[in-house]
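Values quoted throughout were computed directly from the atomic coordinates according to the rules given, and no laboratory measurement underlies them. If you're wondering where the values come from, they're calculated on a predicted model, not measured in any experiment. Ideal geometry is used to build each Cβ from the backbone, glycine not excepted, and the neighbour counts take in all protein chains shown.
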Amino acid sequence: MSDFVHFTGLFSKNYLPHLPQPQVLYAYFETRPGERQEQARLPLNFSLVLDRSGSMSGQKMKQLREAVKTMISRLEPTDFISVVTFNVHTDVIISATNVRDKEKLESRVNRLEAGGGTSMAPALRAGLAEIAKHLSPEVASRLIVLTDGQTTGEDDCRHEADKIAAAGVPLIALGLGTDWNEDFLLDVAERTGKLGDALLIKKPEDVGLIFEEVFSQMQVVAQNLAFRLLLVQGVEARRVWQVTPLIKDITFGAVKGRTVEFGLPELAESGAAYLVELLIPPRNPGRYRFAQAQVSYHVASRGAAQEARTDLTAEVTTDPNLTRQVNGRVMNIVEKVTAFKLQTQALDDVARQDIANATRKLRTAHTILLDQGETELARNALAEAERLERGESLSSEGRKTIKLSSSKTVRLSDPNAPK
């Protein structure tokens, strides 16, 4: 175990039944900041690109101002921030600056007012220009855009997103309410690479919570993570998922015969986690090492690459009392992945007009989520299943919740997370 990064690997079961046919076993891996690295994050260099069109008036703008000021209050003097606003015009209300005079920055935020239409592309261009002033490998750069509605010139926005990606800057898209196009925002975010993301803000009062989540994901403590899983002869990797900070199937390109390899540009303080579905061939009773996992990474203060590794072993046994034992933490993650798959598959079924299968999958997801205590997501899955059964379409809010909220897992640092 490294002082800079903690890397652990767990099987879903430590004891496998002695069977004449192959059996499924899940391997779960967590990478999180170590004791010496938790306080050593990279300086931030980010731009907030904020919708101030007429629909953002009232409570939305009030909550947005407070969330931005709270974020400013948490920044260090070595951090850089810029704030760009847009309606039909684009204005840079805070040009890229280090955070030394917080009161001055907060006073500028207090002057934010809503009015006018929505034109996002020029604002994305302006946000990148501000980030470019301090862009370097020694800082964690992000472009964060928040909107509550449709924008003109979606193709222009995609073009700007490609430029943002070429600069190596992840884009985090925040959609407030239900009037924006989730497919468009997801596309814009995902064009900027593995760290690009889109999040749903259901209510104005949730703006602060989502900003807190984004802020946590920007606390970069290591870079250039490379994960490698070596499997022994006969063991197969069938599926690979990233599960923290969000669930994503990364099987394609990661599985290379008996090796599983993938990378992550940065490790934030919220950590990263992965789930691998393995197929274990028949084995005689006894203890076996089925895999060895390793992760390499760079820490700015250390220069050379660091490495951590772990062996994964399990015992094949004829004792039914032992084979009934499971790792609750891993199975919790497996269930989350299952619920996510069911909901996303339901969206595909709806697109193909296969309403019966879509309804069945949403109801199954509802049961899994309810068992896990995810009551809001469970309620959403059930409500959308009932809408389909009544011959109605999926609701805008329900579709957004499935696409953007159902992929989020518990944080690795969550004290309530099952062990």
Rounded to 10°, Cα long-axis angle of helix 154-166 versus longest principal axis of the chain: 70 degrees
Placing +1 at every Lys and Arg Cβ and -1 at every Asp and Glu Cβ, with all other atoms neutral, what dipole size does the range 89-174 have around its Cα centre, in debye to the nearest 20? 320 debye
Give the long-range amide H neighbours of ILE247: residues separated by 5 or more places, or on another chain, with amide H under 5 Å away, using H modelled in the peptide plane at 1.01 Å from N. LYS408, THR409
What is the calculated FRET efficiency for ARG289 to ALA40, with r their C-beta to C-beta distance and R₀ = 51 Å, to the nearest 0.05? 0.90
Length gained, THR338-ASP155, 0.36 nm per residue minus C-alpha separation, equals 62.5 nm
Looking at the chain, send over the antiparallel percent of its DSSP beta bridges, to the nearest 5. 70 percent
Within 14 Å, Cβ to Cβ, of ARG399, how many net charges do the neighbouring residues add up to if Lys/Arg are +1 and Asp/Glu are -1? -4
Pull out the extension gain between ASP183 and GLU212, defined as 0.36 nm times the separation in residues minus the alpha carbon to alpha carbon distance; nm, one decimal. 8.1 nm
If each part is reduced to its alpha-carbon centroid, the range 108-184 and the range 19-80 end up apart, in Å, by 16 Å
per DSSP, antiparallel bridges as share of beta bridges in the range 1-155, % nearest 5, sits at 45 percent
Two-decimal Rg/Rh across the chain, once Rg and the Kirkwood Rh are taken from alpha-carbon atoms: 1.00
SER107 versus ARG379, label points 7 Å from Cα toward the beta carbon: distance in nm? 4.3 nm
Points 7 angstrom from Cα along the Cβ direction at SER57 and ALA167: gap in nanometres? 3.2 nm
Label-point gap, in nm, between ILE93 and ARG74 - each point 7 angstrom along Cα→Cβ: 2.0 nm
What is the sum of charges, Lys and Arg at +1 and Asp and Glu at -1, for the other residues whose Cβ falls under 12 Å from the Cβ of ASN357? +1
How much length is gained if the chain between GLN372 and ALA356 is pulled fully straight, taking 0.36 nm per residue apart and subtracting their Cα-Cα distance, in nm to one decimal? 3.3 nm
Grab every C-alpha pair in the range 172-300, bin the distances at 5 angstrom width from 0 up to the longest one, and report whole percents. 2, 9, 16, 18, 16, 13, 10, 7, 5, 3, 1, 0
Quickly rank 139-145, 196-202, 394-400 as a protection proxy: mean count of other C-beta atoms within 10 Å, highest first. 139-145, 196-202, 394-400
